[in-house]
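K.L.:
The structure that follows is given in the form of structure tokens.
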Amino acid sequence: MTAPVAPPRGAEAAASEANGRSWDFLLSVATPLVLLVLWEALVRVNLLDFRFFPPPSRIAAAGVALIRSGELWVHLGASLFRIVVGFAVGVAIGVPVGLALGAFRVLRVMFDPVLSALYVIPKIAILPLIMLIFGLGEGSKIAIVALATFFVVAINTLSGVRQVEPILLEAARNFGARGFALFRHLIFPGALPSIFTGLRLAAGTALLVIIAAEFVAANEGIGFLIWRSWTTLVTENMFVGFAVIAALGMLSTWLIHRVARLVMPWQGEEIDLASGREPV
Amino acid sequence: MIDTLREPPLAGAGREGVAAKIVARNLRKTYQGRRGPVHAVLDFSLEVQEGEFLCLVGPSGCGKSTVLRMVAGLVPPSDGEVAVLGRGRTQGQPLTSIVFQEYAIFPWKTVRENVGFGLQMRAVPRRERDEVVDRWLGKVGLRRFADAFPRQLSGGMKQRVAIARAFANDPEVLLMDEPLGALDAQTRIVLQQELLRLWEEDRKTVLYVTHSLEEAVLLGDRVVLMTAHPGTPKAEYRIDFPRPRGLELLATPEFSRTTYAIWSALQEEVVRAMEAEA
């Protein structure tokens, strides 16, 4: 048989597609810039109250000051440490628990209702309890992030295992996979996309939880910075905090996306070898 | 589940000195339906000889896939006996390898890893595995795509991977569950030819489930027609066209006559099945 060859795509089509993509990029960068300029202008002509919405130029200046004084790094470092450690602990427990619940029916019957009931409790609601158990120090902050991460990751992992195609299970069994091999070659890779969905969601939840925890129970951290800016009415610093949170959120999404691409090369986004006319 | 291999009392069940490879006796598979038990397969007996290409045809829902899964040991029969008789068991040779009707290749494994999967599960050494895989990739024309993932392949190429995976595993018998059913007509014809060529090279015992009569007559040595509700073998046709067979067979009056004869019998069944469902 002749090896199928994907026909080369028309150079013209490729060029126009590249054009479209750079245009998209331009739009996605220009829009926020225009909005910032608009904001600055509206404050200058007094259509926006500068006490609530300091102009971007002043926020930037405040940010630079916070960086120069080293204060921003202290807060950022504190929050990052809590998020990273808590997230790691939550993932390290959540993934195995989700896999086990997905793979073993008995465990699922036993624990699924418990998990579902606890999942819907806003984690921040139990912060007082966490603080009772883990004290006022770093322990309680890490624990609340770990807890929030755990539930999201465990539930997504579980559903990932449940979504593995039955026909693939039949195939794996027919070709001799048993026990741990089934896990390694079928269940784990099959659940991976869903696990990464869990990680993405958990990163957002972790950020939310840590900021809220730092509002009420911390002496440093981005949440603390925002809260103190409110009590002292230094709104520029508050907005610096918002910007840092936004950057953290985007960074974590990007990072998780990169890791996902690395771990799941089979999902890639590059053009299919067999695109266009279907070779037989 | 490999315990479908039960040599006595079924050993030596073959006739005329030809060894039987698959033996099914009074197989029954009953599911608990809402209105009482439903017999997906009832009183199903069949012998497939060594080196025979047997096609199982019947209206959809007649239980042909269930029969195949019982032979593979993936579904336990409610009653009756089924056995795949093999002597290679000491060497760890697998009894059955299935080519599934959907694209049941692992999306997270490359073409090479998919084709070598059965060998890997049997702990065949890496170098030997690579050799076997390369040989089969060559035979199905996918050597260039060895490191591609299934996502990057067309439907026909994916199904070639599934076919190579089964052949490379070197089982006692090959089970094919409508392997070309999801393909478009042209791709299907191309793959029928390839399948014929591959099979005629080593003549492994094949149980081939399909709803396409032309396919059954083109490929098979024998065609067994199944009825639906319950799934029971109804008639059997020996197909004596000389091998190697090719597409030109489709143009012969004998081919049309044979296909039509089976179709006439099948037609009653299809109508009956449709009425039963209505």
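Any read-out appearing in this document is the output of simple, stated calculations on the displayed coordinates, not a laboratory observation. Note that the structure is predicted; figures quoted are calculated from it, not measured. Cβ atoms come from the backbone with ideal geometry, glycine included; neighbour counts cover every protein chain shown.
K.L.:
Could you tell me the number of lysine pairs in the protein assembly as shown with C-alpha atoms less than 16 Å from each other, where the two lysines are 8 or more residues apart or belong to different chains?
P.N.:
So the count of such lysine pairs works out to 7.
K.L.:
Here's another thing I want to ask about it. How high is the relative contact order of chain A, in percent, with contacts defined as C-alpha pairs under 8 Å that are six or more residues apart?
P.N.:
24 percent
K.L.:
Starting from the Cα of B:GLU254, step 7 Å along the direction of its Cβ; do the same at A:THR31; then give the gap between the two resulting points in nm.
P.N.:
Roughly 6.9 nm, to one decimal.
K.L.:
Starting from the 7 Å offset along Cα-to-Cβ, what nm value, one decimal, do you get for the label separation of A:VAL216 and B:VAL271?
P.N.:
7.6 nm
K.L.:
Given H placed on each backbone N at 1.01 Å, which residues far from B:THR232 in sequence or on other chains put an amide H within less than 5 Å of it?
P.N.:
Counting only residues 5 or more places away or on other chains, the set is B:LEU42, B:THR227.
K.L.:
Among A:ALA247, A:VAL209, A:GLY86, flag the residue with its Cα farthest along the positive direction of the charge dipole of the range A:60-267, charges on Cβ as +1 for Lys/Arg and -1 for Asp/Glu.
P.N.:
Positive-most Cα among the choices belongs to A:GLY86.
K.L.:
What nm distance separates the two modelled labels at B:ALA19 and B:TRP263, each placed 7 Å from Cα along Cα→Cβ?
P.N.:
Between B:ALA19 and B:TRP263, the simple spin-label model gives 3.9 nm.
K.L.:
Another question, then. Quick check on the protein assembly as shown: helices-only [θ] at 222 nm, where DSSP H runs of length 4 and up contribute -39,500 (n - 2.57) each and the sum goes over total residues. Nearest 500, please.
P.N.:
After summing the helix terms and dividing by residue count, I get -18500 deg cm²/dmol.
K.L.:
Now, a different point. Which FRET efficiency value, to the nearest 0.05, do you get for A:LEU38 and A:ALA88 by plugging their Cβ-Cβ distance into 1/(1 + (r/R0)^6) with R0 = 30 Å?
P.N.:
FRET efficiency, A:LEU38 to A:ALA88: 0.15.
K.L.:
Here's something else I'd like to know. For the pair A:ARG162 and B:ARG122, what calculated FRET efficiency results from E = 1/(1 + (r/R0)^6), where r is the Cβ-Cβ distance and R0 = 30 Å, to the nearest 0.05?
P.N.:
Computed FRET efficiency for B:ARG122 and A:ARG162 comes out at 0.55.
K.L.:
If you don't mind, another one. At R0 = 25 Å, how high is the FRET efficiency between A:TRP73 and A:THR232 if r is their beta carbon distance? Nearest 0.05 is fine.
P.N.:
0.80
K.L.:
Would you mind checking the tilt of helix A:105-119 against the longest principal axis of the Cα atoms of chain A, expressed as 0 to 90 degrees and rounded to 10?
P.N.:
Helix A:105-119 and the main axis of chain A meet at about 20 degrees.
K.L.:
What net charge is computed for the residues neighbouring B:ILE22, neighbours being all others with C-beta under 10 Å from the C-beta of B:ILE22, Lys and Arg scored +1, Asp and Glu -1?
P.N.:
Overall, the nearby charge balance is -3.
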